[in-house]
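Remarks on the structure that follows.
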């Protein structure tokens, strides 16, 4: 009898679509006219598309993959206008109603147009020569919107997440401290910083940032694709190949971190992988330990801690629909598994998330089920009951 | 009581180090002085390195990862001279002795210096402007060596494998037909052709080649890394990260093939993944089916066959040491699992391969154990008992 009525579903991976007024409202007055803006673009016979413009570039998908409420047969074209999406995509009050319909107590809502870890602003500065002062203000505006407009409509119903100005470690530390004081509970951080043009986990570049996040008890939430690099196999490969392989990005990041100095230097730092699934974990941990047994001697690798121990002490994974993963939960670590809703993306089971979660957990004892859907996330993100 | 005395271990993934005389002996006389040659390179105080030179380029590792017989504490530096390796690396008679020591009945020996699917010759023509006539002769020479010098010393103890001149589909078809008549049982084929500068599995480019391989009942053996692309995360990442993530290359290839037209057009074509492990398979198949349920409608994807069904009918995977994979064998398909020795690479358990296989199969019923270590490979590669 899993999923008792008193078990609350805490989702660690969802998405909000930025409303058109976001930067107009939250940027300082002197930068307001240079912030991201939604522009109506003519499409001939069809209704005009609404497209974000920023720093001379256009970002065609206002609500990338925001297909909640559609049938799979209708998937395929990302919405190009706000009125093609459910209002819950961009209005927090409407979101809470959709969460209630879905049986979900709390959500963690990542950015959409700037990408899940804010790559639009980061790469803009690192690779495109954007004005870092403006980009920093845009990052802070998104965070202020998240904390003071999105999450504040329903305290306890959201896990407040903030993005960082990653081109500047000192500014990132300051933003962690500023937002922690405002109630932020986690940082969205790229699963790999190298494709963004930034130093890797194997350098000491990020140490002040990781120390600040650990001090603030803000886990790093690493969403699939936040590196800007996806599992592309071929130019003609159908999108289904990439969607199938999402989890490989999390496998890469987990292996990268297990053999990096990050958790030795920052034992209290926690990492939560988002939208990567869980069924691959037993294979990866066994493989990492096997590799460590044979290959640690000649490499700059911790000689005393097994990679799987680092995983279990410092990393969390989440699932939407992963029967093999749940059957393997003791090999993964019941304490390392969380649940996600993924509203409003195509992987989500909305409006049947709770129904589907109950089916998946049918053979899982009550105490383990509650750990997985609720208590692990509450403890990880400091969300009191 | 698994691994009865009459169960024979058939390994589907091993490696031979090309002996210095290979191309001197097997190239046509008029091309002999232009073929790959082992050159002694001065290293000051240390013994000279032996390095393959071909087409004006040097290939530093004569025996990449040929560490059989060394302890993990001695790993780290690839051998640079033949006398740093066990003779079994490059002498077929010595190899058979090492197989007997290891309790292994048969091996499938991939190329070393040209890379596992002959990328040195393929990329040479496609990207470096090498003479295709010379490159074709080098490919044929390797195949003649494999069939008439390596495998012929002990019939039934090797699975004869050949490489193809993949820059030329017609020449590849001709080489399949030529070598099939000489006893070849499988083709080494890249897990992804795109990084080699060639068309993908999603085009019709390979149809004549795939048809010829299916007609000749020669499965495509796809070795980890044969695409030339590895799971690199960062310039400073220790090699352990890449070694841990080998299996992701096979995951990419399996997903790529499951959503490609390859098996619809060539239902008798078989693909065997080498050195990719098996523990990831249940996760990937569940994820692929989930993706197919939701995302097949708007894509050029087979609308009637589930990806997991394509996997079970056309793909095989193999393991060295994979406890989670063996525990999940019914989710993978007992008929799709084979075993590998990986001599003389660092993943191998030589000289304890049979001992370790017996430990891993301790809880597996006899009939399933024999399928996994012997019968699946015999049937797949047409190796009579």
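Here are the numbers:
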quantity	calculated
Packing-based order for B:370-381, A:178-189, B:293-304, B:112-123, using average beta carbon neighbours within 10 Å, highest first	B:112-123, B:370-381, A:178-189, B:293-304
Kirkwood hydrodynamic radius of the protein assembly as shown, Cα pairs, Å	27.6
GNM top mover of A:160, A:72, A:344 - chain A, alpha-carbon springs below 10 Å	A:72
Nm distances between copies for residue A:300, ranked from closest, using label points 7 Å along Cα→Cβ	4.5
Gyration tensor (Cα) of segment A:266-385, equivalent ellipsoid semi-axes in angstrom	29, 15, 13
Computed [θ] at 222 nm, deg cm²/dmol, chain B (DSSP H ≥ 4; -39,500 (n - 2.57); rounded to nearest 500)	-9500 deg cm²/dmol
Rg ratio (alpha-carbon, reference 2.2 N^0.38 Å) - chain B	0.96
Residue mean of other protein chain beta carbons inside 10 Å, B:253-262	4
Centroid-to-centroid separation of segment B:64-134 and segment A:193-210 [C-alpha atoms, Å]	36
Equivalent-ellipsoid semi-axes of segment A:103-143, from the Cα gyration tensor, Å, largest first	26, 11, 5
Convex hull volume per residue in cubic angstrom - Cα atoms of segment B:192-261	94
For segment B:35-193, alpha-carbon Rg and Dmax in angstrom	16.6, 50
Evaluated at q = 0.32 Å⁻¹: base-10 log I(q)/I(0), Debye formula over Cα of segment B:23-77	-1.18
Copies compared at residue A:232 - label distances in nm, ascending, label defined 7 Å from Cα in the Cβ direction	1.6
Whole-number D in µm²/s for segment B:313-362 (Stokes-Einstein; Kirkwood sum over Cα pairs; 25 °C, 0.890 mPa s)	212
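Read-outs: derived from the displayed coordinates by stated rules, not from any lab. Just so it is clear, the structure is predicted and the values come from calculations on it, not from any experiment. Backbone-built Cβ (ideal geometry, glycine too); neighbour counts: all protein chains shown.
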